[in-house]
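Visitor: Quick one: the structure is below, questions incoming.
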Amino acid sequence: MKKESIYVVFSTQKDRAGKTTLTAPTTPRLYYERDYNVAIIDYDFRN
Ligand SMILES: Nc1ncnc2c1ncn2[C@@H]1O[C@H](COP(=O)(O)OP(=O)(O)O)[C@@H](O)[C@H]1O
Ligand SMILES: [Mg+2]
């Protein structure tokens, strides 16, 4: 069943804050438990 797109953002310019650590377990839960198709964009801000 196609679901409406949602955007989940963990965002801060602070390094080592837990963005990736939080993203890693959230993604499979959205896919396997909530039936969303998932795309991950995980990056760090650089000048
Ligand atoms: N498997 C792990 N065991 C212990 N500490 C970890 C582990 N993975 C990440 N960390 C620590 O958790 C903090 C957050 O890391 P991370 O999620 O990579 O931050 P960010 O993505 O915001 O830069 C860091 O201090 C990192 O060293
Ligand atoms: Mg990260």
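Visitor: Quick one: which residues, 5 or more positions from Tyr36 or on another chain, have an amide H under 5 Å from its amide H? H modelled 1.01 Å from N in the peptide plane, none for Pro or chain starts.
Guide: The answer is Tyr31.
Visitor: Still on this model: Tell me the Kirkwood radius of the chain: reciprocal of the mean inverse pair distance over distinct alpha-carbon atoms, in Å.
Guide: Averaging 1/r across every pair of different Cα atoms and inverting gives 12.0 Å.
Visitor: Taking the simple approach of a point 7 Å from Cα along Cα-to-Cβ for both Asp42 and Ile6, what is their distance in nm?
Guide: Label at Asp42, label at Ile6, 2.0 nm between them.
Visitor: About its Cα centre, what dipole magnitude does the chain give when the only charges are +1 on Lys and Arg Cβ and -1 on Asp and Glu Cβ, stated in debye to the nearest 20?
Guide: 60 debye
Read-outs throughout are calculated quantities, based only on the coordinates presented, and are distinct from any laboratory measurement. Here the structure is a predicted model, which means the values were calculated and not measured. Quick reminder, even Gly has a Cβ in these numbers, built from the backbone with ideal geometry, and neighbours come from all protein chains shown.
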